Amino acid sequence: MSENIILVTGGAGYIGSHTIVALTKLSGFKIISVDNYSNSSPETYKRIKEITGITIEHIEADLSNKNEVEEVFKKFKGITGIIHFAAFKSVPESVAKPLMYYHNNINSLLHLLEIGEKNGVQNFIFSSSCSVYGNIKELPVNEETSIGKVESPYAFTKVVGEKILEDALLGSSTMKGIVLRYFNPVGAHETGKLGELPNQRPNNLVPVITQTGIGKIPKMEIFGNDYPTRDGTCIRDYIHVCDIAEAHVKALNLLINNEQQQVFDLFNLGSGKGVTVLEAINAFEKISNQKLNFEIIDRRAGDVESIYADNTKAAKILGWKPKRSLDEMMESAWKWELYLKNISQ
């Protein structure tokens, strides 16, 4: 079997790095990572090596710059597949800086598709998000649920990105692809040596919880307790990052083995359970024996009130089901936070 060379964009980021670890368990794959480190660090590759024993080839590039994408394909010949994680992803930042989000997230995808196809890429996996469903009323959401009015420019870049990919694949004679719509990835690698490490202050709930638990954030803010939910706080579907990583491996295998019936398909990746912000805090307090300092403030622009997945399709076609519980998510996230504290002392 010839070697599959897979380009992982955003490979030093949270989901990208965990997916690289999952991919290293497969034989017949060579992994190349590309990242501009705008919200990550090359240190991540050392942690990947510590866990897997494998040195990942990597290159620094800004994918929104077409020349830099050309350089990646000149340096690494024979790339057969792309897993495209690289994107700006903060909902509040996208509300404040929409043009920056459109420029980065859309251009990166266009350049990868255009230059990738020219260079013989056959398989393309695109990171999308449950934010494409907007403030949806029918729950749980499945892949047939119509896309609602999205709540942020970030979400709109995912809606547009999915459509660009679908059109590009339908117009291509050589490429197939899959969109994976993540719900809320949380947690860390079971070793506690790899996890979410944004350069900026985190916007995602679980790193805010763990950083409050360790004292990096003195008091966490909960954005609104007047939503029509069981305790007034937003409901999300939390899914372990290692479960998400394993879904990418299954999606890639489906494409490589030519088991996908059509050139384009999409799947929800969620646990299928909705958890409120206060329930997530309670789960963390239980496993960590910490009492969190938090205050309730006004709602935040761009937040939807409630969303959780129907993941039946991924189970049926990808053979994927999430394995890890909310307690395991919190436990691994806390282990990672404690590891970061130890190495910084």
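So the values come out like this:
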quantity	calculated
Sole exception among (1) in contact (Cβ under 8 Å) with a residue 24 or more places away in the chain; (2) more than 15 Å from Ala188 (Cβ to Cβ) for Ile15, by number	(2)
Test for Phe264: is it in contact with a helix residue (DSSP H, G or I) (Cβ under 9 Å, 6 or more places away or on another chain), assigned by TED's automatic domain parsing to the domain that holds Val121 and farther than 15 Å from Tyr182 by Cβ	yes
Selected residue (only one of Ser108, Ser131 is under 25 Å from Val249 (Cα atoms) and under 15 Å from the mean Cα position of the chain (by Cα))	Ser131
Tabulated pairs, the stretch 242-259, first within 25 Å of Met330 (Cα to Cα) and assigned by TED's automatic domain parsing to the domain that holds Val8, second among the charged types (D, E, K, R) and surrounded by fewer than 17 Cβ atoms within 10 Å (Cβ to Cβ), C-beta under 8 angstrom, 6+ apart or interchain	Cys242/Glu190; Asp243/Lys323; Val249/Lys25
Index of the failed condition, Gly270 passing every other in (1) under 23 Å from Glu190 (Cα atoms); (2) among the small types (Gly, Ala, Ser); (3) surrounded by fewer than 22 Cβ atoms within 10 Å (Cβ to Cβ)	(3)
Elements of type helices (runs of 4 or more DSSP H) in the stretch 64-126, at least 3 residues being without any contact (Cβ under 8 Å) to a residue 60 or more places away in the chain	66-75, 98-101, 107-118
Lys77 more than 19 Å from Ser152 (Cβ to Cβ), modelled with pLDDT of 95 or more, more than 18 Å from the chain's Cα centre (by Cα) and charged (D, E, K, R)	yes
In the stretch 146-174, the residues that are hydroxyl-bearing (Ser, Thr, Tyr), more than 23 Å from Glu70 (Cα to Cα) and without any contact (Cβ under 8 Å) to a residue 40 or more places away in the chain	Ser146
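The values are calculated or read from the model by the stated rules, or taken from the named source; none is laboratory data. Predicted, not measured: the structure shown is a model, and the values here were computed from it. No Cβ is skipped: glycine too gets one built from the backbone with ideal geometry, and neighbour counts run over all protein chains shown.
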